[in-house]
Amino acid sequence: MTETAVQVPAMGTVHHLDDHRPTAPDITTEPVVSLVKDPAPVVVDGDEVEAVDRADNPLADWLTVPDAPVLPAWARSAASIKANAAALCRLSWWHARYHAVRTPKYLVKTVLLAARGFYRAAVGLWPTLSAQDHSAVVKALRAQSKARPEDVELAARLQIAHGIRTRTRRWRFGAAAVGVAAAAIGIALAPPVLQTGIATAVITPLAYLGRGKETQFLDQGVPPLRVDMSAQQLNDALRAAGLLKSGRGGEDEGPKVSCSMGPVRDGRGWAVIFDLPRGGGKTASDVLAKREVIAQELGVDEIQVIMSRVRAAKGGNAGRVSMWVADDDPYLGALNPSPFVSAERFSIWDPVPFGQDARGTRVNIPVMWQSMFFGGLPRRGKTFSQRLLTAAGLLDPFVRHYVADGKGGADWMPMKAVAHRLVMGAEDDAIEALKAMLAELLTEMERRFALLRDLPTSVCPEGKLTPDIVAKYNLPVIFVTIDELQEYFTAMEREDREQVINDLCRIARRGPAAGFISNFASQRPDADSVPTKLREIITIRYSTQVVDRASSDMVLGKGKAAQGADASVLSEEHKGVGVLVTGPASYVTVRADYLDGPAFAALCRKGRTLREETGQLTGEAAGDVTAAADAAGITVPAIVSDTLEVMRHSPRMFTTDLINGLVNLDEDEYGDFNAEQLAAALEAAGVKRTSKQVKISGSNGAGYQRRDIEAAVPAEILLSTGR
């Protein structure tokens, strides 16, 4: 992860690498090297340089304070000390449990070692207590034919003397043996606590005597950390990846990285900041490109390795890399509920809560003056992630929503309660509605620019929309959300397609200054589905899992995968997880907050109430009969509300087209419907058809009038919507 434009305020007790990165020197305060030999004062920016910093001071090298930190990396902040202490406690507790369950095994091993120690003690003491060694010498001398008689006689006398000298010792040894036997009987009859103490005092030295050179008393447990990172392990991994050269006498003699921090514990992983050695021709970008190989050498999955360059603003250089290696997959586990679920209001001018990164740090996205693009495979959480940003605008009553969903499913249906314009599906009528919506947006954009140009600089200093202008001139922020762009482009004729692309480019390129926020999404972001000229002007991009690096670059930008922003490393289990790019060199892998369908529908109802209270409910939402019924607590039959939803853009519709739209809306409910079943269901809901035939584009056929469907809605609801 590089230092992104994303705002990530600290959350939780994590260890931040920024606390350990040296501050970049201020070039305006660097001492000026003078070639003048006289001791004249040296002045920099009007201030005289201290004597210790002067170039002509012979003691400058001795008096200069070194830049090396006084404290070790793990002790430079309270968060670091706490994180490392917690890691030590977790490791100690794990080892305590690991060895506790093996206590019976250790007791048996201790008894066996004590028995061997007793045998060794007896074997070692017996020659000393007896005269066997002297007897062997006498026998050897007598066996020699040339031995002198005086030598044999001397050896015999020594043997007799030794026997006399050890006679008392043997008696004492025998008495001690009898005493030990008696003590053993006494121990057997003693209390359990005393038995344990005596047994420990006797067995412990015997077990120590019975050990061998290769004896291993305790089992070697594997700690609960998948990576026990060290500087040597890091060097080995980089050398295997071809980033470090090997020395002539072996790898250990080759060049090594220099760690400016760590490796130290950082939350649920290890953190390290290192510099590549000079002379090797490798840069930090080369390290980022070898992420998969480095992960393999460290024995982890590449999703666990988070790497980024350390820029000059953080005291870095072209060869400095920040690396964090997680103990396990940091993107799995319990879902993160969106804070919007319990929020009452929100200002779209503030950064939008979006998710959390690998270390659990909150990731917020500033959406004002931005345009966004979401991509990825189906059923990976793309739409759920895109809805988070639109949800932020729901809780701000001074945000006007324009929404189009090329799929026409249930994901965006709750927006009918709030949206000024809502286009569902990619049929011919929906395409015409999309074109009309874009034309309306362009007209509004030009009107706003004309207004902003005429405002004095005291009111509009930068020629852009401000919160004061929004309130004074009733110019709400406009949120343009379009999902499944590829459905529209593939369904359009070439001329219409080019026109829509040009309109979207104008909105994304010029609209932000007028308060337009673009939020686009597509499943297939290739050149045919979403043209490059549209994708390349998008400032913020987010991609869930894709099939390969090329597809990842299509969403996130060309060359991003080589920099480390690669969404193809995500797996099927990473639903709601994606790579967020906020700038040319800024990216972060984020697990988006969870906001399901019912919670999103509740936010839409809350947003409708806010707009009604502030007089900002406009457009189609103000005249939507089903949304008004929901707000009034009146239940409208599902078949009526769904039929009105399908006929949103058409005053009349053929029966076959209406059934197809209902199936697309809810296949489980309407998948088996035919014309007779539809007529019966609508009649039971109170729909009275004035005509069973409709005429569309000169063709007659069985169908329905939208006014007949609306007539089944209670009259008070129709009055409240102005119908």
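Where a number appears in this text, it was derived from the coordinates with a stated rule and is not lab data. Being a predicted model, the structure only gives us computed values, none of them experimental. We place every Cβ from the backbone using ideal geometry, glycine too, and count neighbours over all the protein chains shown.
Electrostatic bookkeeping for His99 treats Lys and Arg as +1 and Asp and Glu as -1; over the other residues with beta carbon under 14 Å from its beta carbon, the sum is +3.
Could you sort out which of Lys82/Lys560; Lys290/Lys533; Lys282/Lys558 sit more than 25 Å apart by Cα distance in this structure? If you can, show how the numbers build up before the last one.
Values: Lys82/Lys560 36 Å; Lys290/Lys533 30 Å; Lys282/Lys558 22 Å.
Correct reply: Lys82/Lys560; Lys290/Lys533.
Sorting the Cα pairs of the range 281-361 by distance into bins of 5 Å, from 0 upward, gives 3, 12, 17, 15, 15, 13, 11, 8, 5, 1, 0, 0 percent per bin. Which of the lysines could be linked to Lys606 by a straight reach, that is with a Cα gap under 19 Å, when you skip same-chain ones fewer than 8 residues away? Filter leaves Lys416.
Can you give the direction-averaged projected area of the convex hull of the alpha-carbon atoms in the range 531-671, in nm²?
Working: hull surface 50.3 nm².
Orientation-averaged projected area of the Cα hull: 12.6 nm².
Restriction of the trypsin sites (Lys or Arg not before Pro) in the range 399-500 to DSSP coil positions whose beta-carbon has at most 10 other beta-carbons within 10 angstrom yields no sites.
Charge dipole (Cα centre; +1 on Lys/Arg Cβ, -1 on Asp/Glu Cβ; no other charges) of the range 414-555 amounts to roughly 720 debye. With a cut-off of 13 Å, note down the residues of the range 540-554 whose backbone N falls inside the zone around a label point 7 Å from the Cα of Thr490 toward its beta carbon. Flagged as within label range: none.
Taking 0.36 nm per residue of sequence separation and subtracting the Cα-Cα distance, how much length would be gained by fully extending the chain between Leu209 and Val663, in nm to one decimal? Intermediate values should be presented prior to the final figure.
Working: separation 454, 0.36 × 454 = 163.44 nm, distance 8.34 nm.
Length gained between Leu209 and Val663: 155.1 nm.
Extension gain for the segment Glu683 to His95, taken as residue separation times 0.36 nm less the Cα-Cα distance, is 204.5 nm to one decimal.
Taken about its Cα centre, the range 537-667 carries a charge dipole of roughly 500 debye when the Cβ of each Lys and Arg holds +1 and the Cβ of each Asp and Glu holds -1.
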